[in-house]
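Engineer: Please see the structure below; I have some questions.
Every read-out reported here was derived from the displayed coordinates using simple, explicitly stated rules and does not represent laboratory data. As the structure is a computational prediction, the values presented were derived from the model and not from experiment. Positions of Cβ are backbone-derived with ideal geometry, glycine not excepted, and every protein chain shown enters the neighbour counts.
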Amino acid sequence: MNDELKEKEEALFRFFTENPRAALAFSGGVDSAYLFYAAVHAGCGIQAFYVDSAFNPAFELADARRVAQTLKQELKVVELDIMACPEAVANGPRRCYHCKRAIFSALWQEARRSGFDLLLDGNNASDDAGDRPGMQACRELQVVSPLREAGLTKADVRALSREAGLFTWDKPSYSCLATRVEQNQTITKALLQRIESGENILRELGFSDFRLRVRGENALLQVTAAQMDKARGAMDTIEQRLLTLFPQISLDDVPRKGSI
């Protein structure tokens, strides 16, 4: 570990020394998993909360439970009926803001019910806070981002996670299922289930960093440059496997750089 990264790690541990008790919005992803690990190893009285909604695939909850089990910590699951949020379902340009408001409002309610007055999330120093509606909601609800405050970037978090032995260290970044639906197309549970089923099939076929985006009734597969040749060679199989979900599946021939 270089000196700069060590200083950032020390800053994160100081945060937990200064804040010895906190609730954590835990997604099961790279960032919040390392934050959970750091809090536990710093001796913080941390309680992780996972919000389960129709926007989240089942594997994310499974990963969250696996991390909590590895750290020998309790995970509290908060059930959220996101479909009851009309602004989220309408899928307008501010969908993410309304969704995050609903999520973190539910988290604050559970956190306060459990006696916590500090709520943390996994935003890191690589995340652009400028115009992102989701981060606006976090600011409004006074959610604290220790990784960001410590100056830890996504690359830093992956390096520290690998050193810590967390299986999430190389987990691809993942956005919620709602992001697969074009803006202003109404989101339904049935549509989200079709997307999740399609992406599960793609994982079975060996793809690990991709998006299956909805275009009307059809689907568009986006992959990274590293998986483009594999996707081109497997399109016949992909179309056959997903035919009951989408009448037509196309491959976006512009490979995505890095993680999608």
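Engineer: Based on DSSP H assignment, which helices of the chain show an axial Cα extent of at least 24 Å together with a mean Kyte-Doolittle hydropathy greater than or equal to 1.6? Mind showing how you got there, number by number?
Structural biologist: Numbers: long enough: 95-113 (27 Å, -0.72).
Helix filter hits for the chain: none.
Engineer: For the stretch 37-63, list residues with backbone N below 11 Å from a point placed 7 Å from the Cα of Leu141 toward its Cβ?
Structural biologist: 51
Engineer: What residue among Gly134, Ser161, Phe246 has its Cα farthest toward the positive end of the dipole of the chain, where the charges are +1 on Lys, Arg and -1 on Asp, Glu, each on the Cβ?
Structural biologist: Sorting the options by dipole projection puts first Phe246.
Engineer: Need the list of aspartates and glutamates near Lys230 for cross-linking: C-alpha distance under 16 angstrom, and skip anything on the same chain fewer than eight residues off.
Structural biologist: By straight Cα distance, Lys230 reaches Glu199, Glu204, Asp209, Glu239, Asp252, Asp253.
Engineer: Let me spell out the model: positive unit charges on the Cβ of Lys and Arg, negative unit charges on the Cβ of Asp and Glu, origin at the Cα centre of the chain. What dipole size does that give, in debye rounded to 20? Before the final figure, lay out the partial values.
Structural biologist: Working: 33 positive and 36 negative charges, 69 e Å.
Taking the Cα centre of the chain as origin, the dipole is about 340 debye.
Engineer: Sorted by average packing, counted as other Cβ atoms within 10 angstrom per residue and highest first, what order do 26-38, 65-77, 147-159 take?
Structural biologist: Numbers: 26-38: 25.0, 65-77: 15.6, 147-159: 19.5.
Going from most to least packed, we get 26-38, 147-159, 65-77.
Engineer: Got a sec? How would Ser250, Ser161 order by Cβ neighbour count within 10 Å, fewest to most?
Structural biologist: On the way: Ser250 14, Ser161 21.
The fewest-first ordering by Cβ neighbours comes to Ser250, Ser161.
Engineer: Now for a different question. Of the listed peptides 188-201, 89-102, what is their order by residue-averaged count of other C-beta atoms within 10 Å, with the highest listed first? Write down the numbers at each step before the final one.
Structural biologist: On the way: 188-201: 17.1, 89-102: 18.9.
Final packing ranking: 89-102, 188-201.
Engineer: Next question, about the same structure. Given H placed on each backbone N at 1.01 Å, which residues far from Gly28 in sequence or on other chains put an amide H within less than 5 Å of it?
Structural biologist: Ala33
Engineer: For the stretch 1-82, what's the relative contact order in percent, using C-alpha pairs closer than 8 Å and at least 6 residues apart? Mind showing how you got there, number by number?
Structural biologist: Details: 106 pairs, mean separation 24.2, N = 82.
Here the relative contact order equals 29 percent.
Engineer: Out of every Cα pair in the chain, what percent are spaced more than 31 Å from each other? Each step should come with its number before you reach the end.
Structural biologist: Working: 9219 of 33670 pairs.
Percentage above 31 Å: 27.
Engineer: Please give every one of the lysines within straight-line cross-link reach of Lys8, meaning a C-alpha to C-alpha distance under 21 Å, and leave out same-chain neighbours fewer than 8 residues apart.
Structural biologist: List returned: Lys154.
Engineer: Suppose we keep just the DSSP beta bridges with both residues in the chain; what percent of those would be antiparallel, to 5? Write out the running numbers ahead of the final one.
Structural biologist: Values: 6 of 24 bridges.
Counting only bridges with both partners in the chain, antiparallel ones make up about 25 percent.
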